[in-house]
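Here is the structure we will look at, set down as structure tokens.
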Amino acid sequence: QVQLVESGGGLVQAGGSLRLSCAASGNILSIYNMGWYRQAAGKQRELVADITRDGSRNYADSVKGRFTISRNNVKNTVYLQMSSLKSEDTAVYYCNADVVRRNSVSRADYWGQGTQVTVSS
């Protein structure tokens, strides 16, 4: 099994910063893409940012210039540094990882349990 555990969410004022972390553990051989998604109340889940194993990054237009995604391949961890937060960033943030398990040739998507980010205006 593979587990993704997020941390770092919370309540912050508009204009503030938060850093999310997500650590993957378990029966892992390799992790390809890692990413962050978010789901606001009454809305669909959307991609915030993702990063390939070699560090290529992709961001949603709404967070470009404000959020930075990074990862540590040794620790199987992905981070999301969020700055200049806005009320519209309020959502549950989910970590995602594209994993190849040991003794397997196939890749599978895994999700964290989600962490709430609330930005007060």
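The values are calculated or read from the model by the stated rules, or taken from the named source; none is laboratory data. All figures in this text were calculated on a predicted structure; none of them were measured in a lab. No Cβ is skipped: glycine too gets one built from the backbone with ideal geometry, and neighbour counts run over all protein chains shown. Quick note on the areas: whole protein, heavy atoms, side chains included, nothing else; ligands and nucleic acids left out. Shrake-Rupley method; radii C 1.70, N 1.55, O 1.52, S 1.80 Å.
A few notes on this one:
- Residues of region 69-89 that are under 17 Å from Ala40 (Cβ atoms) and open to solvent by less than 40 Å² (accessible area, probe 1.4 Å): Leu80, Met82, Leu85, Asp89.
- Within region 34-52, considering residues that are in contact with a Phe, Trp or Tyr (Cβ under 8 Å, 6 or more places away or on another chain) and not hydrophobic (A, V, I, L, M, F, W, C), the one surrounded by the most Cβ atoms within 10 Å (Cβ to Cβ): Arg38
- Residue check for Gly8: in contact (Cβ under 8 Å) with a residue 12 or more places away in the chain, open to solvent by 30 Å² or more (accessible area, probe 1.4 Å) and on the phi > 0 side of the Ramachandran plot: yes
- Tabulated pairs, region 17-46, first at positive phi, second of a type in the set (A, V, I, L, M), C-beta under 8 angstrom, 6+ apart or interchain: Gly26/Val2
- Filter result for Asn96 (in contact (Cβ under 8 Å) with a residue 24 or more places away in the chain and on the phi > 0 side of the Ramachandran plot): no
- Count of region 1-57 residues which are under 12 Å from Ile69 (Cα atoms) and small (Gly, Ala, Ser): 5
- Residue satisfying all of: in region 100-121; among the hydroxyl-bearing types (Ser, Thr, Tyr) and open to solvent by less than 90 Å² (accessible area, probe 1.4 Å); nearest to the chain's Cα centre (by Cα) among these: Thr115
- Among the numbered conditions (1) in a loop (DSSP other than H, G, I, E, B); (2) within 17 Å of the chain's Cα centre (by Cα), the only one that Gly15 does not meet is (2).
Here's the yes/no breakdown for (1) in a loop (DSSP other than H, G, I, E, B); (2) among the polar types (S, T, N, Q); (3) modelled with pLDDT of 95 or more; (4) surrounded by fewer than 21 Cβ atoms within 10 Å (Cβ to Cβ):
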residue	(1), (2), (3), (4)
Cys22	no, no, yes, no
Tyr32	no, no, yes, yes
Asp54	yes, no, yes, yes
Gly65	yes, no, yes, yes
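- When region 80-121 is filtered for residues that are over 24 Å from Arg66 (Cβ atoms) and assigned to a strand (DSSP E or B), the ones remaining, listed by number, are Asp98, Val99, Val100, Arg101, Arg107, Ala108, Asp109, Tyr110.
- Residue within region 18-30 that is under 15 Å from the mean Cα position of the chain (by Cα), among the β-branched types (Val, Ile, Thr) and within 29 Å of Ser104 (Cα to Cα) present: no
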